Structures are given as C-alpha cells and as structure tokens.
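The values are calculated or read from the model by the stated rules, or taken from the named source; none is laboratory data. Treat the numbers as computed from the prediction; the structure is a model and nothing was measured. Backbone-built Cβ (ideal geometry, glycine too); neighbour counts: all protein chains shown. The area values use the complete protein model at the heavy-atom level, side chains included, leaving out ligands, DNA and RNA. Shrake-Rupley method; radii C 1.70, N 1.55, O 1.52, S 1.80 Å.
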Amino acid sequence: MATINNGDNKRYRGLIISIALFLSLIGALLVFTFYTSSLLERNTVLIDQTNQVANSAQSVIKDLFDLDSSYGEDTSSPHIQRVLERLEQNTALINNTLTAIGEGGTITDDADGKTYKLPSVSGSAQENVQAANEQWQLLEPRIETYLKDADNVLVDSSDDLTQAVEQAKTSSLLMNESLDDLTNEVFDDAERQANTIRLIQALGVVAIF
C-alpha cells in the first residue's frame, strides 16, 4: 500500500507542477501582452501628437500669410479675430506638445479629455525632435512679438508680421521634414514591437501546448 501511495503522490505532484507551469506561462504571456500593448498605445499617441504638431505648424503658416495679405483690415473684424485666436492657440499647442514629445511627458487629448504618457525618444528620433524644436524657437518669438500688439490699432505691427512670415518660410519646411522623419521612426519602432509581440505569443502558445 505504501508503494501505491508513493506512486499516487508522485503522479499528483507531477500534475500539480504541470498545472503550475501552465498557469505561469499564461500569466507571463498576459503580463507581456499588457506591457507591450501599453508601449504600442504610447507610440500611437506619439504618432498622433507628432502629426498634430505638423498640422498646427501648417495652420500657423497659413494664418501668418492670411494676416499678411489682410493687413490693414479692421482688427476687430470677425475674420481677423478668428485668425488671431487660432494662431495663438496653435502656437501654445506646438510649445506644449514639442516639450512633451522631447521629454516623454504627459499629454491631454482634446478629443476625449484623456491624459496619455508619451514614450521617451532617443537616438535619431530625439535628434529630429531637437531639429524641429530649434526651428520653432526661431519662429515662435517672432509670432509672440507680433501677437502682443496685433489687435491694437494704435500700434504698427507690420514689421513684426513681416519678420514672422519670413521666418516661417524657412522654419516651416525644416520643421515638417524633421517631424516627418520622427513619425517614420516611431512608426517603424511600433512595427518592430508588434512583430516582437506576435513572435513571443507564438512561442508562448507552443510552450503551453
């Protein structure tokens, strides 16, 4: 009887170990999938924010040219007020977003109000952020100088506007180039992560079976 009990105990022990290993593999796969999915979400948000900066930069350029061609129009007109307000909003958005992208900070999506943590960028991606930010630092002060008295009819702000427009002609092209390169870098990184997830999941399924 003792021999039979020892055999049963060994079988039960082997079964328990097998179940524990099975559950451990499933748990490890779930943790890994959750972690990598979080990384993919961050990269998706980063791509979205990069595109948003590029679109906002294009809007800034368009508004500056609009204001330049409309100079002399009543500054209290709905058209001028709307363009000035949009220019101010996009300027603030670019400032905040470029800082968050460069430092891997948090960003709030205007569409759903949710706060997202951006991943830290390094290597060539960080270089692209710095290149875009350098051009923005050349353009942004000129925009702010113009906006300070843009709707004051007693102040001639034509020179400030001209300087902002001239700087925009150069900075906008270089900013868009850097932001496009950054988007491609992040997209390639996200694709590599997705491939890694699929590989680990496939190996995990094989191990489980």
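Give me a comma-separated list of calculated 3J(HN,Hα) values for the stretch 170-187, in order, Karplus coefficients 6.51, -1.76, 1.60 applied at θ = phi - 60°, integers in Hz, x for any Gly or Pro.
8, 5, 4, 5, 5, 5, 4, 5, 5, 5, 5, 5, 5, 4, 5, 4, 5, 4
In the stretch 94-152, what trypsin sites (Lys or Arg not before Pro) fall in a loop by DSSP, with at most 10 other Cβ atoms inside 10 Å? Could you put the intermediate results ahead of the total?
Values: sites: 114, 117, 142, 148; in loops: 114.
Answer by residue number: 114.
What GluC sites (Glu not before Pro) in the stretch 1-106 are in a loop by DSSP, with at most 14 other Cβ atoms within 10 Å of the Cβ?
Working: sites: 41, 73, 85, 88, 103; in loops: 73.
Within the stretch 1-106, the qualifying GluC sites (Glu not before Pro) (loop, at most 14 other Cβ atoms within 10 Å) are 73.
What is the sum of charges around residue 60, taking Lys and Arg as +1, Asp and Glu as -1, for the other residues whose C-beta is under 13 Å from the C-beta of residue 60? Write out the running numbers ahead of the final one.
On the way: positive: 62, 86, 142, 169; negative: 63, 66, 68, 85, 88, 140, 144.
That works out to -3.
Leaving ligands, DNA and RNA out of it, work out the accessible area of residue 140 with a 1.4 Å probe and give it in Å² to the nearest 10.
30 Å²
Full-extension gain between residue 166 and residue 108, please, as 0.36 nm times their residue separation minus the C-alpha to C-alpha distance. Could you put the intermediate results ahead of the total?
Details: separation 58, 0.36 × 58 = 20.88 nm, distance 3.20 nm.
So the extension gain works out to 17.7 nm.
Considering amide H positions built from the backbone, and no H for Pro or chain starts, which residues 5 or more places from residue 105, or on another chain, come under 5 Å of its amide H?
So residue 105 has HN proximity to 118.
Determine the sum of side-chain charges near residue 87: Lys and Arg each +1, Asp and Glu each -1, restricted to other residues whose C-beta is under 10 angstrom from that of residue 87.
On the way: positive: 62, 82, 86; negative: 63, 66, 85, 88.
Value of the local net charge: -1.
Quick one: Karplus J couplings for the stretch 91-99, per residue in order, coefficients 6.51, -1.76, 1.60, θ = phi - 60°, nearest Hz, x for Gly and Pro?
4, 5, 4, 5, 4, 5, 6, 4, 5
With 32 Å as the cut-off, how large is the P(r) tail for the chain, expressed as percent of Cα-Cα pairs? Don't jump to the answer; show the numbers that get you there.
On the way: 9125 of 21736 pairs.
Everything past 32 Å amounts to 42 percent.
Please work out the FRET efficiency for the pair residue 55 and residue 19, using the Cβ-Cβ distance as r and a Förster radius of 45 Å; give the result to the nearest 0.05.
On the way: r = 53 Å, r/R0 = 1.19.
The value I calculate is 0.25.
Given the stretch 60-172 reduced to its alpha-carbon atoms as identical point scatterers, what log10 I(q)/I(0) does the Debye formula return at q = 0.15, 0.16, 0.17 Å⁻¹?
Normalising to I(0) and taking log10 leaves -0.72, -0.79, -0.86.
Mean shadow of the stretch 146-187, computed from the convex hull of its alpha carbons, in nm²?
Working: hull surface 14.8 nm².
Computed as one quarter of the Cα hull surface, the answer is 3.7 nm².
Just the ratio, please: alpha-carbon radius of gyration of the stretch 40-79 over 2.2 N^0.38 Å, N its number of residues. Walk me through the numbers on the way to the answer.
On the way: Rg = 15.8 Å, N = 40, 2.2 N^0.38 = 8.9 Å.
Compared with the compact-globule rule of thumb, the stretch 40-79 sits at 1.77.
Nearest 0.05, what FRET efficiency do residue 39 and residue 202 give at R0 = 25 Å with Cβ-Cβ as r?
Values: r = 19 Å, r/R0 = 0.74.
That pair, residue 39 with residue 202, gives E of 0.85.
In whole Hz, with x marking every Gly and Pro, tabulate ³J(HN,Hα) for the stretch 57-64 from phi via Karplus 6.51 cos²θ - 1.76 cosθ + 1.60, θ = phi - 60°.
Calculated HN-Hα couplings, in order: 5, 5, 5, 4, 4, 4, 5, 4 Hz.
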